[in-house]
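The structure appears right after this line, and notes come after that.
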Amino acid sequence: MADLTQTPRPFSELWHRIDKVALTGALILLVLAAFDRPAVVPTIAETLEHFWGTLPYILFAVVAIAGMKASGSERLLDGAFQGRETRMIVIGALVGGLSPFCSCQVIPFVAALLAAGAPLSAVMAFWLASPLMDPAMFAITAGGLGFDFAVAKTVAAVGLGLAGGLTVKLMAATPVFADPLKTEVKIGGCCSARKLTLNWRFWQEERRRTIFRDSGWSNFLFLGKWLLLAYLLQALLIAYVPAEMVARVIGGDGFGPIALAALVGAPAYLNGYAAVPLLEGLLAQGMNPGAAMAFVIAGGVSCIPAAVAVWALVKPRVFAAYIGFAIAGALVAGAAWAALA
């Protein structure tokens, strides 16, 4: 008799191969076609129009990231976490707010720092700033929400890193931050690769040209699919969500909309790139500018990839402090931007 105990796996393998972002976009269009067929073509046209307007920023971001990876410029960070603790906190916040680390790259990098004895204060400064801004995100944010907003978010990212790092330094002897690491810290990650030696003329070596090409293409696909989905959601948001409701819930003056945006930032956050078109649409419908800033700060720090990077390495009490820093920093940044904007 044939062995019927083995479960066929073709469907499981097919499911893992399907791009979930593309599938989500296709399902949204199918639902739209089922309930409002005449709106399908205008929605697609509006999505592509917004994407085309952002394309120069996408290409700049892709080339910048690919060039940094191919040149091995990550080597410049090797000596950043050495020296006096306050200096390390400052450098950690600056590096976190300006470097092109993704969340999975943070895990092995930070694990190695902690294993080498780097103070938690400097690591916390890097952790808080890193998910909020990088060259690609700056370009996308500037293209969608304006150059001033991108600069303000960068300042908020570095400021949050500095505040969190200095707070940890002052409270290092308290029970919250004493013995912060989990018993077993595993160094690994989906992006962990051996670092190249620094060579700015990367086009002179075949291996570096390959890294530039592969990194550029993968990042273009990543940014492209997420922004297409985000612009699709933006088009639906503007078409079907009344502007009066948006203005009533997260618009207007006062601290209430800012606090609400900070609290809902984590569960409503897709990623830093996809959030830009959605906020662009919400701002057009009356969203409080301070609420938009609070949303991207709280959501960026506490989104699942960034939070998992922290949870994987430290004890729950340190993780709770990390989330607390994110909410507090989002409230301050939101209030400050509302006053300026």
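The values are calculated or read from the model by the stated rules, or taken from the named source; none is laboratory data. Just so we're clear, the structure is a prediction, and the values are computed from it rather than from any experiment. Neighbour counts are summed over all protein chains in view; Cβ atoms, including those assigned to glycine, are modelled from backbone coordinates with ideal geometry.
Before moving on, here are some points about what is shown:
- Looking across segment 196-216, the residues that are acidic (Asp, Glu) and surrounded by 11 or more Cβ atoms within 10 Å (Cβ to Cβ) come down to 205, 214.
- Looking across segment 127-152, just one residue is of a type in the set (D, E, K, R) and under 12 Å from the mean Cα position of the chain (by Cα), and that is 134.
- Annotation note: of 54, 47, 24, 43, the sole residue that is among the hydroxyl-bearing types (Ser, Thr, Tyr) and more than 26 Å from the chain's Cα centre (by Cα) is 43.
- Residues that are of a type in the set (Gly, Ala, Ser), out of contact with any Lys or Arg (no Cβ under 9 Å at 6 or more places or on another chain) and surrounded by 20 or more Cβ atoms within 10 Å (Cβ to Cβ), drawn from segment 324-341: 326, 329, 330, 334, 338
- Condition met for residue 95 (crowded, with 24+ Cβ neighbours inside 10 Å and either in contact with a Leu (Cβ under 9 Å, 6 or more places away or on another chain) or modelled with pLDDT under 80 (or both)): no
- Annotation note: of 298, 321, 291, the sole residue that is more than 30 Å from residue 25 (Cβ to Cβ), among the aliphatic types (A, V, I, L, M) and part of a helix (DSSP H, G or I) is 321.
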